[in-house]
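The structure appears right after this line, and notes come after that.
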Amino acid sequence: MEDSNVKEEAGAAVDAELAKAIMSRQIQPSLIGPLAWVGYMFSDMEIRIKESTDLYGAVLWPSAMVLCYFLENNRDKYNLTDKNVIELGAGTGLVSIVSSLLGAKVTSTDLPDVLGNLTYNVMRNTKDRCKYIPQVTELIWGQEVEQRFPLATHRFDYILAADVVYAHPYLEELMDTFDHLCQENTQILWAMRFRLDPENSFVDRFRQRFHLEQLYDLPSLSIKLYRAWRKDGRTKNQGQAAA
């Protein structure tokens, strides 16, 4: 019992320290000038994000910061340089921006009503800073995914997703979108905040199609970060991280 308590206390301390390090990357928002913004420090650069409070998908949630922090601090194993990366449910664009700053060829996707704000943030923060100009495009989960991203011409090294699973009616469409885009050697890096039971049941269904490895567990933020790859024959070297 004593050993168990010690381990729990140690785990809580690690969680608190990591959560503090992640959340410290946010800079206090500026209210000076015509546009309010929230600042973040990643890849040694200040990133200014404009949120749109009238759109649920255009507000930045902590899961995005968790994923950005992981990408920045694990570049030795998850090297994004020259890699083809797609982000699902990009929202305000922070993950897409950080991935671009880390050298990736990024396709940033979300719903049509979010694209205006997403495009503004991505272009404002990557112009003259990145090797590749990010592409921002509409993607409605489960609709014309095969036509928009045919397997013959669209191959992604990484699929990134932050807080795309919550109480919405499109979880099966999201699953099908993951399933289509996750090809040979593709890795999914997915940060998720647990709120309600649908999140837990989605993870259970996700495990039926994909291998799932937990990379971070942050109880203080109710967020977990996963790596996933396909179970079926479309994946080779499925246990290896892309170099």
Given the conditions (1) within 16 Å of the chain's Cα centre (by Cα); (2) of a type in the set (Ser, Thr, Tyr); (3) open to solvent by 60 Å² or more (accessible area, probe 1.4 Å), every one holds for residue 177 apart from (3)
**Asked** Condition test on residue 232, is it surrounded by 14 or more Cβ atoms within 10 Å (Cβ to Cβ), within 26 Å of residue 77 (Cα to Cα) and of a type in the set (Asp, Glu)?
**Response** no
Item to complete: Consider residue 235 carefully, then state whether it is at pLDDT below 85, among the β-branched types (Val, Ile, Thr) and under 26 Å from residue 104 (Cβ atoms).
Response: yes
Among the residues of segment 60-102, the number that are of a type in the set (Gly, Ala, Ser), open to solvent by 10 Å² or more (accessible area, probe 1.4 Å) and over 11 Å from the mean Cα position of the chain (by Cα) is 0
- Query: Right, residue 52: buried (at least 16 other Cβ atoms within 10 Å of the Cβ), among the small types (Gly, Ala, Ser) and modelled with pLDDT of 95 or more or not?
  - Reply: no
Filter result for residue 195 (open to solvent by 10 Å² or more (accessible area, probe 1.4 Å), touching a helix residue (DSSP H, G or I) at 6+ places or on another chain (Cβ under 8 Å) and either farther than 18 Å from residue 78 by Cα or without any contact (Cβ under 8 Å) to a residue 60 or more places away in the chain (or both))
no
Practice prompt. Tell me, yes or no, whether segment 19-35 has at least one residue that is of a type outside the set (A, V, I, L, M), in a helix (DSSP H, G or I) and at pLDDT 90 or above.
Written response: yes
For residue 111, the lone unmet condition from (1) open to solvent by 10 Å² or more (accessible area, probe 1.4 Å); (2) among the hydrophobic types (A, V, I, L, M, F, W, C); (3) closer than 22 Å to residue 41 by Cα; (4) touching a strand residue (DSSP E or B) at 6+ places or on another chain (Cβ under 8 Å) is (3)
**OP:** For segment 116-136, state whether one or more residues are aliphatic (A, V, I, L, M), closer than 18 Å to residue 182 by Cα and open to solvent by less than 60 Å² (accessible area, probe 1.4 Å).
**Re:** no
Of the residues in segment 200-228 that are among the small types (Gly, Ala, Ser) and either within 18 Å of residue 182 (Cβ to Cβ) or in contact (Cβ under 8 Å) with a residue 40 or more places away in the chain (or both), the one that is surrounded by the fewest Cβ atoms within 10 Å (Cβ to Cβ) is 220
Here, strands (runs of 3 or more DSSP E) confined to segment 106-205 with at least 1 residues that are among the basic types (Lys, Arg) are 187-193
The one condition residue 225 fails out of (1) in a loop (DSSP other than H, G, I, E, B); (2) among the aliphatic types (A, V, I, L, M); (3) at pLDDT 95 or above is (1)
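The values are calculated or read from the model by the stated rules, or taken from the named source; none is laboratory data. Note that the structure is predicted; figures quoted are calculated from it, not measured. All Cβ positions, even for glycine, are placed from backbone atoms using ideal geometry, and neighbour counts span all protein chains on display. All accessible areas refer to the heavy atoms of the entire protein, side chains included, with ligands and DNA or RNA removed. Shrake-Rupley method; radii C 1.70, N 1.55, O 1.52, S 1.80 Å.
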